[in-house]
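The values are calculated or read from the model by the stated rules, or taken from the named source; none is laboratory data. Bear in mind that the values here come from a model prediction, so they are computed numbers and not experimental data. Using ideal geometry, Cβ is built from the backbone for each residue, glycine included, and neighbour counts are taken over all protein chains shown. Side chains included, ligands, DNA and RNA excluded: accessible areas come from the protein's heavy atoms. Shrake-Rupley method; radii C 1.70, N 1.55, O 1.52, S 1.80 Å.
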Amino acid sequence: MFEIYKPIIKKLVIGLSKIAVFFLVVHYSLPYLENMLGTRLDSIHTYFPWVIGASLAWVILRLLLNIVTNYGFKDGIPQFSNGIAANIRYPLRDDADALVVKLSGLMDICDTRNNRADHARSYLNSREAYDVNKAPNKKGIIDNSAFDYLMLSYDIEKRSELVEFIGKLLQSLPEENRPEAKSAYSEALAILDKFSAVTETQLEKHHDTTLPYVAFNLQRAAMLVRWGFTCNMINEDEWDLFKAEIHDAYQNYFGDSGFGKFTYDYLIAVYLFHAKDNLDMVRERLYGLTELQKNNYLTLSWEAINALSSAK
C-alpha cells in the first residue's frame with residue numbers, strides 16, 4: 001500500500017525540508033542582520049515561531065487533504081447508464097466512428113456520475129459527447145461542456161487552434177513510437193495494480209513493452225475531435241478525415257493487441273501525467289474503465305452502440 005501513498009509522502013518530505021531550510025537560514029542569519037542594522041528585530045523574534053508553526057500546519061493539512069481527495073472515493077462513481085442518451089442527433093455510421101467514440105469514452109465515462117447535472121453528463125452512444133440541442137453563439141460555437149473542457153483544459157477557443165492541436169497530437173505518434181520495457185514504469189504499474197484491485201478493473205498485464213505516450217496522444221486526439229464536433233468547431237467532413245487518421249494509427253500501433261494493451265498503456269500515461277498533483281485522476285479513470293468493461297462497451301459494434309439508445 002505504501003506505493004500508493006508514495007507521491008504525497010514525497011511532497012510532504014519536500015515541504016518539511018523547505019520549511020526546515022527556511023528556519024535554519026533565518027535562525028542563523030538573524031543575529032548577523034541585527035548586528036548590521038544595529039538594532040534588534042523584535043517583531044521577527046515574536047512572529048517567526050508562529051510563521052513556522054502555520055507553515056508546518058499547512059503542509060500537514062495539505063497531506064491530509066490529499067489523502068482524502070485521492071484515496072477516499074465514496075461518491076461520484078461513473079454510471080454507464082447515465083451515459084446512454086435516448087435522443088441523439090449524430091449516431092455512429094461505421095467502425096471508425098465507433099473507435100473515435102470509444103477512445104474518447106475512456107475519459108468521457110468519468111462525466112456519467114450521479115453528482116453531475118444532467119446537461120453535463122457525457123454520452124457514450126453517439127458522435128456528440130454532450131448535449132448539442134443549443135443554438136450556436138455568434139462565433140458559431142455551441143457552448144456546452146465540450147467547449148468548457150477545450151477552454152479550461154487546453155486553452156482552445158478557436159477552431160484553428162483546435163485543428164492545429166489535433167494535428168500536432170497525431171503527428172507526434174511516430175516520434176513517440178519507442179516501445180519500452182514495462183519495468184521502466186514500475187512505480188506506475190505498482191499503483192495501477194493497487195487501485196485496480198479496489199476498482200475491480202481488469203487489466204491486461206502480460207505485455208512486455210508499452211507505448212504510453214502513443215496511447216495517450218491518440219486518445220486525446222480522438223477526444224478533442226469528438227469535443228470539437230460536439231461544440232460545432234469541427235464539421236462532418238473534418239470528422240471523417242480525422243477519424244480515418246485515428247483509425248489507421250490505432251491499427252498501426254495497437255491493432256494486433258487491441259483495447260487491452262491500449263488501455264493499459266494509456267493508464268500508464270495517465271499516471272505519469274497526473275500522479276504528481278492528483279492521483280484522483282488515475283483512480284477515476286480506473287472506475288470509468290471498470291464501468292465500460294462491465295457493459296462490454298469496448299467490444300460492441302457500432303450498430304450495437306446505436307441500439308443502446310432504444311433500450312434507454
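Only residues in the stretch 176-202 that are closer than 18 Å to Arg285 by Cα count as the first member; pair them with residues that are of a type in the set (S, T, N, Q) and open to solvent by 70 Å² or more (accessible area, probe 1.4 Å), Cβ under 9 angstrom, at least 6 apart or cross-chain, and list the lot.
Leu189/Ser183; Ser196/Gln202
Residues to consider are Phe195, Phe147; find the one that is out of contact with any Ser or Thr (no Cβ under 6 Å at 6 or more places or on another chain), aromatic (Phe, Trp, Tyr) and either surrounded by fewer than 18 Cβ atoms within 10 Å (Cβ to Cβ) or at pLDDT 90 or above (or both).
Being out of contact with any Ser or Thr (no Cβ under 6 Å at 6 or more places or on another chain), aromatic (Phe, Trp, Tyr) and either surrounded by fewer than 18 Cβ atoms within 10 Å (Cβ to Cβ) or at pLDDT 90 or above (or both) holds for just one of Phe195, Phe147, which is Phe147.
What is the one condition in (1) touching a residue at least 40 places away in the same chain (Cβ under 8 Å); (2) part of a loop (DSSP other than H, G, I, E, B); (3) open to solvent by 10 Å² or more (accessible area, probe 1.4 Å); (4) under 23 Å from Ala311 (Cβ atoms) that Val132 does not satisfy?
Of the numbered conditions (1) touching a residue at least 40 places away in the same chain (Cβ under 8 Å); (2) part of a loop (DSSP other than H, G, I, E, B); (3) open to solvent by 10 Å² or more (accessible area, probe 1.4 Å); (4) under 23 Å from Ala311 (Cβ atoms), the odd one out for Val132 is (3).
Give the number of residues within the stretch 57-71 that are in contact with a helix residue (DSSP H, G or I) (Cβ under 6 Å, 6 or more places away or on another chain) and either modelled with pLDDT of 60 or more or surrounded by fewer than 17 Cβ atoms within 10 Å (Cβ to Cβ) (or both).
Residues in the stretch 57-71 being in contact with a helix residue (DSSP H, G or I) (Cβ under 6 Å, 6 or more places away or on another chain) and either modelled with pLDDT of 60 or more or surrounded by fewer than 17 Cβ atoms within 10 Å (Cβ to Cβ) (or both): 4 in total.
Checking the condition over 24 Å from Ile305 (Cα atoms), of a type outside the set (S, T, N, Q) and assigned to a loop (DSSP other than H, G, I, E, B), which residue from Arg116, Arg127, Arg178 passes?
Arg178
Under 7 Å between Cβ atoms, at least 6 apart or on separate chains: pull out the pairs that start in the stretch 15-38 with a residue that is in contact (Cβ under 8 Å) with a residue 40 or more places away in the chain and end on any residue that is open to solvent by 60 Å² or more (accessible area, probe 1.4 Å).
Pairs found: Ile19/Leu56.
Taking the residues in the stretch 72-97 that are open to solvent by 50 Å² or more (accessible area, probe 1.4 Å) and closer than 14 Å to Asp280 by Cα as candidates, determine which candidate is modelled with the lowest pLDDT.
Lys74
From the set of residues in the stretch 98-115 that are of a type outside the set (A, V, I, L, M, F, W, C) and within 26 Å of Ala269 (Cα to Cα), which is most open to solvent (accessible area, probe 1.4 Å)?
Arg113
Let me spell it out: the conditions are (1) farther than 20 Å from Arg226 by Cβ; (2) of a type outside the set (Val, Ile, Thr); (3) open to solvent by 20 Å² or more (accessible area, probe 1.4 Å); (4) under 21 Å from the mean Cα position of the chain (by Cα), and Phe165 meets all of them except one. Which number is the exception?
(1)
In the stretch 198-219, what count of residues is obtained for those that are in a helix (DSSP H, G or I) and in contact with a Ser or Thr (Cβ under 9 Å, 6 or more places away or on another chain)?
The number of residues fulfilling the criteria is 6.
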